[in-house]
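Asker: Please read through the structure below; I'll follow up with questions.
The values are calculated or read from the model by the stated rules, or taken from the named source; none is laboratory data. From a predicted model like this one, the values you see are computed outputs, not experimental measurements. Note: areas computed on protein heavy atoms with side chains; ligands, DNA, RNA excluded. Shrake-Rupley method; radii C 1.70, N 1.55, O 1.52, S 1.80 Å.
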Amino acid sequence: MSVKTACRDISELTPDAQRACRLFISECEKQGLTVLVTETYRSQQRQDFLYSQGRTAKGQKVTWTKNSRHTSRRAWDICQNVKGQEYSNTTFFKRCGEIAKSLGIIWGGDWSTPDMPHFEIPKEWDYKGEQEMT
């Protein structure tokens, strides 16, 4: 895969991250939120490529780190699956963030440098309430 191409395949995540991502999407859909996964796994080469944007390469800054959970297959990015409103609706991302947090998923929107489309699981993620939600 090219460093210029985003991987959107949930099956490229760790088994726990796959479970978390699918559960997250399902809960968002139940609340009428149309989520589109825009990126899952990133090779370190892709992460470095994205980090260089707006620094040593042309373009806007895409990421603030070279050490992303995407490279360890525990993170995914989303947007709103509505043409023309993919990233403009902050209410959408805040609602998704609340759902994620209720599932034990970390939301990048809470960080000191917010990354509203970013979601990741901690290393030892295990959501015990999953059976109740299905």
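Asker: When only C-alpha pairs under 8 Å and at least 6 residues apart count, what is the relative contact order of the chain, in percent?
Answerer: Here the relative contact order equals 24 percent.
Asker: Can you give the helix-only mean residue ellipticity at 222 nm for the chain, where every DSSP H stretch with n ≥ 4 adds -39500 (n - 2.57) and the sum goes over all residues, rounded to the nearest 500 deg cm²/dmol?
Answerer: After summing the helix terms and dividing by residue count, I get -9500 deg cm²/dmol.
Asker: For the pairs LYS58/LYS94; LYS4/LYS66; LYS94/LYS123; LYS66/LYS128; LYS4/LYS101, note any where the Cα-Cα span goes beyond 26 Å.
Answerer: LYS58/LYS94; LYS66/LYS128; LYS4/LYS101
Asker: A follow-up question, please. Can you give me the orientation-averaged projected area of the convex hull built on the Cα atoms of segment 48-134, in nm²?
Answerer: The directionally averaged projection comes out at 7.1 nm².
Asker: Over segment 74-134, what percent of the accessible surface lies on carbon and sulfur atoms, probe 1.4 Å?
Answerer: The nonpolar share, carbon plus sulfur, comes to 49 percent.
Asker: Non-local amide H neighbours of VAL35 (under 5 Å, H modeled in plane, Pro and chain starts lacking H): which ones?
Answerer: Counting only residues 5 or more places away or on other chains, the set is ASN81.
Asker: Quick check: the distance between the Cα centres of segment 34-93 and segment 5-31, to the nearest angstrom?
Answerer: 15
Asker: On average, how much accessible surface per residue is there in the chain, in Å², for a 1.4 Å probe, leaving out ligands, DNA and RNA?
Answerer: Each residue of the chain exposes 57 Å² on average to a 1.4 Å probe.
Asker: Wrap a convex hull around the Cα atoms of segment 1-104, take a quarter of its surface area, and give that in square nanometres.
Answerer: 7.0
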